[in-house]
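> One structure follows; several queries about it will come next.
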Amino acid sequence: MRIYNVLNIEDFESEHKQRMVKTIASNIKNARLKQSMTIEKASEKAGISATFWSELERAIKVPSSLTLIKIANALDISVCSIIPADYCPLIGDDTTGKLRRLLVNREDKEIEKIWKKQPKFDNLR
């Protein structure tokens, strides 16, 4: 599920949605560069292709919730460091840290099950 669907942004072409996607892209790129990590290394750590990571950073593609978790994990940051602050009031850094630790070295299907069981994230599905 794409993050704009998760965050209940209805109109795909809306200016607000475009701003959100660009913010996510910029935050991903800035976090990666802050760690002096190449796209290749970051994407490998996240388990996604370098091409896809590059498209995310350029706001060509929109990440799914699962991809955001993988990216946060790869960069050792919280999901709230990636998505716009307006959408993160219910997810504190402590909560995302706990969730990230639960997800380390898990298969996608396991991660999806864990994600669905998180009651605080009901509004983000």
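Read-outs throughout are calculated quantities, based only on the coordinates presented, and are distinct from any laboratory measurement. Model, not experiment: these values are computed from the prediction. Glycine gets a Cβ as well: all are built from the backbone with ideal geometry, and neighbour counts include every protein chain shown.
> May I ask you to evaluate 6.51 cos²θ - 1.76 cosθ + 1.60, the Karplus curve with θ = phi - 60°, for each residue of segment 32-45 and list the ³J(HN,Hα) values in order in whole Hz, giving x for glycine and proline?
5, 5, 4, 9, 6, 9, 6, 4, 4, 5, 5, 5, 4, 4
> Roughly speaking, what is the stretch gain from residue 110 to residue 26, that is 0.36 nm per residue apart minus the C-alpha to C-alpha distance, in nm to one decimal?
On the way: separation 84, 0.36 × 84 = 30.24 nm, distance 2.87 nm.
Contour length minus the Cα-Cα distance gives 27.4 nm.
> Something else now. Once label points are set 7 Å from the Cα along Cα→Cβ at both residue 44 and residue 19, what is their separation, rounded to one decimal in nm?
It works out to 3.9 nm between the two label points.
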